[in-house]
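Written below as structure tokens is the structure these notes are about.
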Amino acid sequence: MSTTTAAHKLVIIGSGPAGWTAAIYAARAQLEPVVYVGVPKQDPGPVLPGGQLMLTTEVENYPGFPDGITGHEMMAHFQKQAERFGTRAVGADIVRCEFSRTPGRPHALITSDDETVLAHAVILATGAVANWIGLPNEMRLARSGGGVSACAVCDGALPAFRNQPLAVVGGGDTAMEEASYLTKFASTVYVIHRRDSLRASRIMQERFLSRPNAKVLWNKVVHDVLGERYLEGVLLEDTVTRERTRLDVKGLFIAIGHTPATKFLIGSGVELDVAGYVALRGRNSQTNLPGVFAAGDVADSQYRQAVTAAGMGCVAALDAERWLAANQVH
Ligand code: NAP
């Protein structure tokens with residue numbers, strides 16, 4: 001049976017860097033934010049409380065941690081800091097939203113426990129999930145930090161990958177960007193692409209192909225990922241001849257696109273762009289609906305960094321605070 005509680009000033013949906021940063025700012029502004037942190041699930045890739053950082057091992061590019069920090073630890077710190085100022089974390093998903101268009105009437109959010117939660121302002125911070133090929137050994141080594149990753153900028157500079165052969169799967173701009181970045185550290189960077197021409201823009205292709213240690217393996221898909229604790233190689237299958245060959249690599253970077261976590265917003269009236277990301281109005285965090293804000297990767301297909309998501313979370317909390325004050329919610 002569904003239950004309803006009194007209206008919160010602010011509910012934040014999502015518990016990555018954007019959600020927790022929004023919570024820290026909102027809690028210090030005495031908005032008593034409630035964060036719906038989510039529950040682990042596998043569809044379409046691993047969606048995790050704590051966001052995509054839970055899938056990286058060492059985070060080396062977040063300012064303030066000169067010795068690096070693990071993704072888990074970093075998200076635990078974010079949560080602790082938000083809770084210190086009065087944030088309440090709830091371990092459930094929001095599965096549906098009924099946003100209000102009437103001033104003064106709160107938004108209704110339906111949880112995975114079939115509870116209806118009311119909130120005057122809402123910050124959407126559910127992130128985007130990297131697409132994976134879907135092979136069991138790929139996911140096993142991605143979760144254990146064994147050399148499979150969906151972010152070369154996050155993980156590529158780790159010592160384990162220095163002067164080693166590495167591979168990137170995909171033929172779009174992200175694959176070219178990640179592969180070009182890896183050429184700085186790797187002995188050879190193989191781009192594994194399922195067709196005989198790249199989808200990436202000419203300039204991005206040329207940037208990669210001009211590097212002396214760049215190689216493209218055309219018409220190939222990854223059939224299996226090899227290695228027990230650490231990646232040792234991949235088994236490739238030729239899409240034309242079906243021939244299988246082994247390629248020895250120490251790192252495998254999957255760059256086959258991202259899917260924003262916005263399924264729960266379909267039918268809610270929040271405007272999404274053609275790729276399914278939340279569409280923002282201009283430079284702030286306001287969506288097309290009053291009192292509904294968005295922050296982090298769910299509204300950013302371009303930068304997708306922990307530090308940019310955190311910055312957007314701060315912006316969303318400040319926008320929500322101003323909106324609540326202007327609408328006399330105290
Ligand atoms: P994308 O353009 O959708 O490219 C995805 C690539 O992955 C395609 O080459 C696709 O192959 C391949 N792919 C998809 N599913 C696959 C699978 N299951 N197995 C093997 N390969 C698979 O995605 P993106 O590269 O992430 O780019 C997304 C958007 O961001 C684009 O608009 C892009 O221009 C933009 N972007 C811009 C920059 C920049 O300008 N600096 C950098 C990054 C991204 P097919 O080609 O055969 O479909």
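The values are calculated or read from the model by the stated rules, or taken from the named source; none is laboratory data. Keep in mind that this is a model prediction, so the values were computed, not measured. Don't worry about glycine lacking a Cβ; one is built from the backbone with ideal geometry, like all the others, and counts go over all protein chains shown.
A few points about this structure:
- Candidate set from the stretch 240-249 (those that are in a loop (DSSP other than H, G, I, E, B) and not β-branched (Val, Ile, Thr)); member that is nearest to residue 225 (Cα to Cα): 248
- Flag for residue 310 being among the aliphatic types (A, V, I, L, M), touching a Pro at 6+ places or on another chain (Cβ under 6 Å) and either farther than 23 Å from residue 256 by Cα or not assigned by TED's automatic domain parsing to the domain that holds residue 98 (or both): yes
- So residue 122, is it in contact with a His (Cβ under 9 Å, 6 or more places away or on another chain), more than 16 Å from the ligand (Cβ to nearest atom) and either under 16 Å from residue 254 (Cα atoms) or not basic (Lys, Arg) (or both): yes
- Pairs where the first residue, in the stretch 253-270, is outside the structural domain of residue 200 (by TED's automatic domain parsing) and the second is of a type in the set (Asp, Glu) and assigned to a loop (DSSP other than H, G, I, E, B), C-beta under 8 Å, 6+ apart: 264/93
- Note on the stretch 250-285: residues that are over 17 Å from the mean Cα position of the chain (by Cα), part of a loop (DSSP other than H, G, I, E, B) and more than 15 Å from the ligand (Cβ to nearest atom) total 13.
- Residue check, residue 173 within 11 Å of the ligand (Cβ to nearest atom) and either hydrophobic (A, V, I, L, M, F, W, C) or free of Cβ contacts under 8 Å to residues at least 40 places away in the same chain (or both): yes
- Flag if residue 308 is under 29 Å from residue 65 (Cβ atoms) and not in a loop (DSSP other than H, G, I, E, B): yes
- Subset of the stretch 286-305 (residues that are of a type in the set (Gly, Ala, Ser) and assigned to a helix (DSSP H, G or I)): 296, 299
- Residue, surrounded by the fewest Cβ atoms within 10 Å (Cβ to Cβ), within the stretch 176-208, restricted to residues that are away from the ligand (no atom under 13 Å from the Cβ) and part of a strand (DSSP E or B): 188
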